[in-house]
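The values are calculated or read from the model by the stated rules, or taken from the named source; none is laboratory data. This one's a predicted model, so the numbers in the text were calculated from it and none came from an experiment. Cβ placement follows ideal geometry from the backbone for every residue including glycine, while neighbour counts extend to all protein chains displayed. What goes into the accessible areas is simple: the full protein's heavy atoms, side chains included, and nothing from ligands, DNA or RNA. Shrake-Rupley method; radii C 1.70, N 1.55, O 1.52, S 1.80 Å.
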Amino acid sequence: MIDLRSDTVTRPSQAMLASMAAAEVGDDVWGDDPTVLRLQAAVAERAGKEAGLFFPSGTQSNLAALMAHCGRGDEYIVGQSAHTYRNEGGGAAVLGSIQPQPITNATDGSLPLDEIAAAIKPIDDHFARTRLLALENTIGGKVLPAGYVAEAVALANSRGLVTHLDGARVCNAAVASGQSIAALCAPFDSVSICFSKGLGAPVGSVLVGSADLIESARRWRKMLGGGMRQSGVLAAACLYALEHNVDRLAEDHENAEYLARGLADIDEVEVQSHATNMVFARFPQEHCAALEASLKEQGILTQMLYASRFVTHMDLTREDIDTFVSAVKSYFAE
Ligand SMILES: *Cc1c(COP(=O)(O)O)cnc(C)c1O
């Protein structure tokens, strides 16, 4: 199967599986799984933070971070299209009693500074207490401009807010922009990093921040059901990914560009944007369902919506992209 739906679909490689099989383990709820401890320390160091905490998913990592920063009746400012707001079941509100204050993302993924400023509530009994600004990098495949991040965090801090970065794909942002992971994480009080996306691990995210924040997040993680036992088996996959699969993301980015060029060649397709490992394109609405079905018959998995997203990853080769582009071409030729 050629799977373009997401970078979450990668399967662990033989070498990654070997490192998982060889992992030294303990009971991480007791804090004595050596591989988990090693992963947490390694990610914290790469991100330039004091401490790290291993989670089964990015959703739980983001939620535990929000709950560690914000109390009941607090509010966080977040993008309308941010994963934490849109794609995590409303967990901050439902489980955290934290009110989201969404702001429409600009086309580059940023939240306009004047709108952030206007959304911060005065201290008054009528209002929720605005406590945190959450950004996402990459967002829709795009790297947030570095100058923008510095300004947004400075604004938040000057108004007494803390900041969280959903850095699910911060490694893609680092590779694409040439900045270090630590530089991209530096402005934020906490960052959540996914290993189950382009980095190719089957499971796992790490939250990084100050030792105090991580201690508080550990308590929430247990309450949310994320305390795992011999999770060194999973942490070993993430360690392997951190050591072997970061620099190679450049290949996924080149492949996305290659895929965008291939699709742009087809008259019926309008490529809207491509950045890091994602390509967004539009197809004539009336063809979407039939095209998706036709591709599936040929072993190509897509999510062919009016505005579709195609994601490159380590289990996808140039030849796979050629196969996909020719299949779309022949569909429209018929
Ligand atoms: C995938 C993702 C997450 C976390 O998702 P999980 O599937 O829960 O690991 C968070 N933020 C962004 C931007 C993501 O793409």
> Do you know which residues across segment 121-147 are within 13 Å of the ligand (Cβ to nearest atom) and outside any loop (DSSP other than H, G, I, E, B)?
Replying inline: A134, L135, E136, I139, K142
>> Tell me the residue from A217, A236, A186 that is small (G, A, S) and within 16 Å of the ligand (Cβ to nearest atom), please.
In response: A217
> Which number in (1) farther than 25 Å from L316 by Cα; (2) within 16 Å of the ligand (Cβ to nearest atom) marks the one condition that S180 misses?
Replying inline: (2)
> Does V153 satisfy the criteria of being within 16 Å of the ligand (Cβ to nearest atom) and either modelled with pLDDT of 95 or more or not in a loop (DSSP other than H, G, I, E, B) (or both)?
Replying inline: no
> How many residues are buried (at least 24 other Cβ atoms within 10 Å of the Cβ) and small (G, A, S) when one looks only at segment 197-225?
Replying inline: 7
>> Just the residues that are open to solvent by 80 Å² or more (accessible area, probe 1.4 Å) and over 30 Å from S177 (Cβ atoms), please, taken from segment 269-288.
In response: Q285, E286
>> Quick test for you: out of L234, L242, L259, pick the one residue that is in contact (Cβ under 8 Å) with a residue 40 or more places away in the chain, touching a Gly at 6+ places or on another chain (Cβ under 7 Å) and either open to solvent by 10 Å² or more (accessible area, probe 1.4 Å) or within 17 Å of I321 (Cα to Cα) (or both).
In response: L234
>> Looking only at segment 210-235, count every residue that is under 16 Å from D33 (Cα atoms), over 21 Å from the mean Cα position of the chain (by Cα) and not small (G, A, S) and tell me the total.
In response: 5
> Just for helices (runs of 4 or more DSSP H) wholly inside segment 195-270: which have at least 1 residues that are under 21 Å from D27 (Cα atoms)?
Replying inline: 211-223, 232-244
>> Taking the criterion of being within 14 Å of the ligand (Cβ to nearest atom), surrounded by 14 or more Cβ atoms within 10 Å (Cβ to Cβ) and either assigned to a helix (DSSP H, G or I) or at pLDDT 95 or above (or both), would at least one residue in segment 297-310 satisfy it?
In response: yes
> When you go through (1) over 14 Å from the mean Cα position of the chain (by Cα); (2) within 16 Å of the ligand (Cβ to nearest atom); (3) within 30 Å of G225 (Cα to Cα) one by one for C70, which number turns out not to apply?
Replying inline: (2)
> Just checking, which of Q40, Q99, Q60, Q14 is away from the ligand (no atom under 13 Å from the Cβ) and either closer than 19 Å to G141 by Cα or surrounded by 20 or more Cβ atoms within 10 Å (Cβ to Cβ) (or both)?
Replying inline: Q40
>> Just to be sure before I move on: is A250 touching a helix residue (DSSP H, G or I) at 6+ places or on another chain (Cβ under 6 Å) and surrounded by fewer than 21 Cβ atoms within 10 Å (Cβ to Cβ) in the structure I sent?
In response: yes
>> If I go through segment 156-173 residue by residue, how many of them are more than 15 Å from the ligand (Cβ to nearest atom) and assigned to a helix (DSSP H, G or I)?
In response: 3
